[in-house]
Amino acid sequence: MDPPEKILLEFDTSMAIMMEALNRGHKVFYTEPKHLSLRSGELSVNTREIASLNRQQGFQFRPEEFHPAANFNLILIRKDPPVDVDYFNMLYLLDYVSDQTLVINSPAGIRQANEKLFPFYFKDLMPPSIATSRESEVINFQDQVNSDIILKPLNRKGGEGIILLKKTSKTKSEKIRKITRNGVETILAQKFIKAGLTDGDRRILLWDDDILGAFGRVPKLGEYRSNLSLGGSMKKIKITEHEQKIVEKLRPVLKKLGLIFVGLDIIDGWVTEINVTSPAGITEIDELYGEQIEIRILDLLEKKLV
């Protein structure tokens, strides 16, 4: 995971999983990517066992220990983006233990499934989109869709860096050059779905063959991004028949890549992102529906490990 001081105690999904594991008597250890070491093909890790954990006081750790990574029954990757060089190095190192220990999500699967680009494999489910670093391509794309468009960095989270480029904007070139760093960085340009302003987007959490739950997120007034971290509000939703079909279409591909815990983002029936690095939403579903999704996750994990 990220360093403990960066964790939002009130909402963090990983904490819900860890607390339920502790409640069941499992030993839970916490580490950061910088504590992984590879020697003679064996991956080891400096870890701290969690002595206690709650949302008020946070983490209480036992002294640091050094373990072969293969000693653990399960390794959960819960490191948030940015998916940068350090993130990829973490995934490469975890490859060395993934044939001995269950790693969720699969390091190879995460590498293959960029959260913004992965929906292109299911292009009939995705709104009109283009990935490019070229200003002219972005402008041509906007002319083709004849609409406002959204510009997204590929490797960030929580709505960071996303730009709404209006069709009538007088500063298109300036905005495109800024987000692409003068044509160096590839971005996603996507047709803006206006329904998202009023209806928001929908997060559906998947675990293997199970739909864990779903909730809606509505942007605050004057904002086009519905992320809760940017002031969006959450609401109850019912999963539609169309969304069920989306899940059925994605499921075999996700299984093949070892992507067990996944968060789908859907706007007006279109898949906009497939979150595989560190999907969140457990606490939101728990709060909205009075459920404890983490109990189902631990049931499924224990069954999988057996």
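Throughout, read-outs are computed from the coordinates displayed, never taken from laboratory work. Treat the numbers as computed from the prediction; the structure is a model and nothing was measured. In this analysis, Cβ positions are derived from the backbone assuming ideal geometry, glycine residues included, and neighbour counts consider all displayed protein chains.
Only Lys, Arg, Asp and Glu count, each charged at its Cβ (+1, +1, -1, -1), so figure out the dipole size of the chain about its Cα centre, rounded to 20 debye.
The dipole magnitude comes to about 920 debye.
Do any GluC sites (Glu not before Pro) in segment 1-35 lie in a DSSP loop with no more than 11 other beta carbon atoms within 10 Å, and if so, which?
Here the GluC sites (Glu not before Pro) that fit, given the DSSP loop and packing criteria, are Glu10.
About the Cα centre, and with charges only on the beta carbon of Lys, Arg (+1) and Asp, Glu (-1), how big is the dipole of segment 128-191? Nearest 20 debye, please.
That gives segment 128-191 a dipole magnitude of about 180 debye.
Out of the trypsin sites (Lys or Arg not before Pro) in segment 79-128, which ones are loop residues according to DSSP with at most 12 other C-beta atoms within 10 Å?
Answer in residue order: no site qualifies.
How high is the relative contact order of segment 149-231, in percent, counting Cα pairs under 8 Å that sit 6 or more residues apart?
Computed over segment 149-231, the figure is 26 percent.
Using Cα positions and a limit of under 19 Å, work out the aspartates and glutamates in reach of Lys256, with same-chain residues fewer than 8 apart set aside.
Straight-distance partners of Lys256: Asp95, Asp99, Glu115, Asp208, Asp209, Asp210, Glu248, Glu273.
Taking a threshold of 23 Å on the Cα-Cα distance, which of the pairs Lys123/Lys303; Lys79/Lys249; Lys123/Lys194 fall above it?
Lys123/Lys303; Lys79/Lys249
Rounded, prolate or oblate: pick one for segment 179-287, where a ≥ b ≥ c are the square roots of the eigenvalues of its C-alpha gyration tensor, a/c under 1.5 means rounded, and failing that, prolate if a/b is larger than b/c, else oblate.
Oblate.
Where the centroid of each part is defined by its Cα atoms, how far is segment 276-302 from segment 131-155 in Å?
Here the two parts' Cα centres lie 35 Å apart.
Could you give the angle, 0 to 90 degrees to the nearest 10, between helix 293-305's Cα long axis and the longest principal axis of the Cα atoms of the chain?
60
What percentage of all Cα-Cα pairs in the chain are separated by more than 23 Å?
In whole percent, the long-distance tail amounts to 59.
If you keep only loop residues by DSSP, which trypsin sites (Lys or Arg not before Pro) in segment 135-243 have at most 16 other Cβ atoms within 10 Å of their Cβ?
Answer by residue number: Lys166, Lys167, Lys170, Arg181, Lys194, Lys220, Lys236, Lys238.
Quick check: Cα centre of segment 164-205 to Cα centre of segment 38-115, how many Å?
33
Could you tally the net charge around Ile187, taking each other residue with its Cβ under 13 Å from the Cβ of Ile187, Lys/Arg +1 and Asp/Glu -1?
Neighbourhood net charge equals +4.
What angle, in degrees between 0 and 90 and rounded to the nearest 10, separates the Cα long axis of helix 85-94 from the longest principal axis of the Cα atoms of the chain?
40
Rounded if a/c is under 1.5, else prolate if a/b beats b/c, else oblate: with a ≥ b ≥ c from the C-alpha gyration tensor eigenvalues square-rooted, which is segment 128-191?
Since a/c stays below 1.5, the shape of segment 128-191 is classed as rounded.
Taking Cα atoms, how many degrees apart are the long axis of helix 13-23 and the longest axis of the chain, rounded to 10 and kept between 0 and 90?
The helix 13-23 is inclined about 20 degrees to the chain.
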